[in-house]
There are 2 protein chains.
Amino acid sequence: MAKYVFGIDVGGTTVKCGLFSQNGRLEEKWEIHTRIGNEGEKILPDIADTIQKKMEKFDLKKEDVAGLGVGIPGDVKANGEVMAAVNIHWGRKDVAGELQKLTGIPVKTAKDANLAALGESWKGAGKGAEHLVMITLGTGLGGGIIIDGKMLAGGHGAGGEIGHAYTDSRINQACNCGNIGCLEQFVSATGLVNLAREELAAGEESTGLDREDLSAKIIFDAYKEKDAAAVRIVKKFSMYLGNALAFISCILDPEIIIFGGGVSKAGEALLKEISEIYREHAYKVCKDTPFVLAKLGNDAGIYGGAKLILDSMGIGEK
Amino acid sequence: MAKYVFGIDVGGTTVKCGLFSQNGRLEEKWEIHTRIGNEGEKILPDIADTIQKKMEKFDLKKEDVAGLGVGIPGDVKANGEVMAAVNIHWGRKDVAGELQKLTGIPVKTAKDANLAALGESWKGAGKGAEHLVMITLGTGLGGGIIIDGKMLAGGHGAGGEIGHAYTDSRINQACNCGNIGCLEQFVSATGLVNLAREELAAGEESTGLDREDLSAKIIFDAYKEKDAAAVRIVKKFSMYLGNALAFISCILDPEIIIFGGGVSKAGEALLKEISEIYREHAYKVCKDTPFVLAKLGNDAGIYGGAKLILDSMGIGEK
């Protein structure tokens, strides 16, 4: 019987890989460069190659490996069909079929943010929760949803696309999805800088934020120093996210909400701001839903990939 | 082997009941009065009594009945635990345990709106869909969600409470849930009248709507007659609902959205208004998600109750 699985997380810059034993222990992790040129045609052969080398190193035969669980930065349907992954230049693509052909090992695919949520629910901040929402606050805003212990992929692979939830049309700039007024346009590193520029244009007092190279980190640092403008900006950011989470809790009613991604490094102070808004507007039985920081960092996706295979085989611990 | 199931839908005025054969045929349906006095203590004995009489009429023994599937107008957890059902004066209550004791037949419970969605997905407008959202537009705004063919109950029984999703604080009246700015305060029969009063207070031209006994029906009738104020009011109502559904589609990505309840009798014209707003703000792959009217009317809940039992027994057609 197969004793190992691989978790693979395809990103725009690197592909993260992990070899797991079937009891869920991460035996080794590593990364390769994502070659996105020529419509990303090298990505799958590169993955097959690195998996092959790792199997040689660990002296594994094909029958020792139950499968590869692969996270894709795009819309992936419940059956694993990849509809599009814009950042790595893929259109509709039979990722599982192609990679299985290259490796001779069963492959399953899912949206990266959903796999990260699955990873956190398995070995991270959501351990033990059957229903959870994970928010990834980075350059953009990602979302992953677990319901009854399973990822919510939706009818067209857009389940958990929280960053593109319609929020407010008052800005006059399109989101990279083509719509105007997506949550990500306010709630993300980019969104925070947008909110800051707006605030600074309206404000009059002097602030350390009035600089060309403004970034999310600079704003959060100023917020920690209690710069008045930075506090107002972070409160506005928190209002957008807290309101959205209050809305989401009425739809999904998660047991826990997990925050990951670079912006979440602003930490507990930021969670407290978001939580205050959330509690005001959340439905009564959801007001005490805990907000927690993610625990697995960049490894959440490879853990989720491993779990996807273990679940599909009905093996491994819960 | 048991050949029958009962579907039961507990409402504030009547309890709707249906006897189904295990192939899903509705053999007989009827209603009894809901006696909500004395903390609703008579409701379960009354149900046990009417079920007993129906079994005598059809000459059924206990072993002929696989179970009773019961919809409750309140928060019900995934394990069937009833947290509260305010309209029928129930607090936390072991409905399944008590009714099972009274009847000697297995009982399963779920939130009424989720059961209605399950019924529509089984025999109604959502036939064949694995992921769907059902909106019930009545005096209030109800919501039911089916994911992977199963009801979404959530961590505290509040899954699908779309009516209490936070929307807009600009009104100064609390919702019956205690919060301010719930979607139901704008999108429901009551919400429509609120929007109309607001519009009429601001407007100047003469309209047939300026009357004491204003109701959702009067507004929709005027809308059909192209009364200018009624058109503006219905467009505002549709904006709130269309925007909310665009948001929801980014979370759940349903294959189909079903509209039931009294207000949905306004029909296809209303769906078209909502759909225009929805398409503008929905995520790209969700823009063409179909909007359809419910088919089972008041019977959706009893169908859902029957299906809940059939699913739990692993019997009956898909």
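The values are calculated or read from the model by the stated rules, or taken from the named source; none is laboratory data. Every value quoted in this text rests on a predicted model; they were computed, and no experiment measured them. Using ideal geometry, Cβ is built from the backbone for each residue, glycine included, and neighbour counts are taken over all protein chains shown. Heads up: the accessible areas ignore ligands, DNA and RNA and are worked out on the full protein's heavy atoms, side chains in. Shrake-Rupley method; radii C 1.70, N 1.55, O 1.52, S 1.80 Å.
Data overview
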quantity: Evaluation of A:Tyr278 against (1) without any contact (Cβ under 8 Å) to a residue 60 or more places away in the chain; (2) open to solvent by 10 Å² or more (accessible area, probe 1.4 Å); (3) not acidic (Asp, Glu) (one fails), failing number; calculated: (2)
quantity: Residues of region B:85-97 satisfying the condition of being at negative phi and not in a helix (DSSP H, G or I); calculated: B:Ala85, B:Trp90, B:Gly91, B:Arg92, B:Lys93, B:Asp94
quantity: Residue list for region B:24-66, restricted to those being assigned to a loop (DSSP other than H, G, I, E, B) and among the basic types (Lys, Arg); calculated: B:Arg25, B:Arg35, B:Lys42, B:Lys61
quantity: Flag for B:Gly261 being surrounded by fewer than 24 Cβ atoms within 10 Å (Cβ to Cβ), under 16 Å from B:Ala189 (Cβ atoms) and touching a Ser or Thr at 6+ places or on another chain (Cβ under 7 Å); calculated: yes
quantity: Given (1) touching a residue at least 60 places away in the same chain (Cβ under 8 Å); (2) open to solvent by less than 60 Å² (accessible area, probe 1.4 Å); (3) within 22 Å of B:Asn298 (Cβ to Cβ), index of the condition B:Lys29 fails; calculated: (2)
quantity: Qualifying residue in region A:169-183 (condition: at positive phi, of a type outside the set (Phe, Trp, Tyr), without any contact (Cβ under 8 Å) to a residue 12 or more places away in the chain and within 13 Å of chain B (Cβ to nearest Cβ)); calculated: yes
quantity: Within region A:264-275, considering residues that are open to solvent by 30 Å² or more (accessible area, probe 1.4 Å) and out of contact with any Lys or Arg (no Cβ under 9 Å at 6 or more places or on another chain), the one nearest to the other protein chains (Cβ to nearest Cβ); calculated: A:Ser275
quantity: Only listed residue being basic (Lys, Arg), under 24 Å from A:Gly314 (Cβ atoms), free of Cβ contacts under 8 Å to residues at least 40 places away in the same chain and out of contact with any Leu (no Cβ under 8 Å at 6 or more places or on another chain), chosen from A:Lys93, A:Lys111, A:Lys127; calculated: A:Lys127
quantity: Residue count, region A:269-301 (criterion: in a helix (DSSP H, G or I), at negative phi and under 19 Å from the mean Cα position of the chain (by Cα)); calculated: 7
quantity: Looking only at region A:1-26, and only at residues there that are among the basic types (Lys, Arg) and over 16 Å from A:Lys123 (Cα atoms), the one that is surrounded by the fewest Cβ atoms within 10 Å (Cβ to Cβ); calculated: A:Lys3
quantity: Condition broken by B:Ala244, with the remaining ones in (1) more than 9 Å from every other protein chain (Cβ to nearest Cβ); (2) crowded, with 24+ Cβ neighbours inside 10 Å; (3) among the aliphatic types (A, V, I, L, M); (4) within 19 Å of B:Gly144 (Cα to Cα) satisfied; calculated: (1)
quantity: Residue list for region A:105-157, filter: open to solvent by 10 Å² or more (accessible area, probe 1.4 Å) and at positive phi; calculated: A:Gly128, A:Asp148, A:Gly149
quantity: Residue within region B:176-190 that is open to solvent by 30 Å² or more (accessible area, probe 1.4 Å), within 27 Å of A:His156 (Cβ to Cβ) and touching a strand residue (DSSP E or B) at 6+ places or on another chain (Cβ under 7 Å) present; calculated: no
quantity: Region A:247-280, residues that are among the hydroxyl-bearing types (Ser, Thr, Tyr) and modelled with pLDDT of 95 or more; calculated: A:Ser249, A:Ser275, A:Tyr278
quantity: Conditions (1) among the charged types (D, E, K, R); (2) open to solvent by less than 40 Å² (accessible area, probe 1.4 Å); (3) closer than 21 Å to A:Val234 by Cβ; number of the one not met by A:Glu161; calculated: (3)
quantity: Which numbered condition A:Gln100 misses (of (1) polar (S, T, N, Q); (2) surrounded by fewer than 24 Cβ atoms within 10 Å (Cβ to Cβ); (3) not in a helix (DSSP H, G or I)); calculated: (3)
quantity: Test: residue in region A:114-134 that is modelled with pLDDT of 95 or more and of a type in the set (Val, Ile, Thr); calculated: yes
quantity: Residue within region B:81-93 that is open to solvent by less than 10 Å² (accessible area, probe 1.4 Å), touching a helix residue (DSSP H, G or I) at 6+ places or on another chain (Cβ under 7 Å) and within 14 Å of another protein chain (Cβ to nearest Cβ) present; calculated: yes
quantity: Flag for A:Arg211 being over 23 Å from the mean Cα position of the chain (by Cα) and assigned to a helix (DSSP H, G or I); calculated: no
quantity: Residue list for region A:219-235, restricted to those being under 16 Å from A:Gly267 (Cα atoms) and of a type outside the set (Val, Ile, Thr); calculated: A:Phe220, A:Asp221, A:Ala222, A:Tyr223, A:Lys224, A:Glu225, A:Lys226, A:Ala230, A:Lys235
quantity: Answer from B:Ile219, B:Ile256, B:Ile309 - the residue that is within 14 Å of another protein chain (Cβ to nearest Cβ) and crowded, with 19+ Cβ neighbours inside 10 Å; calculated: B:Ile256
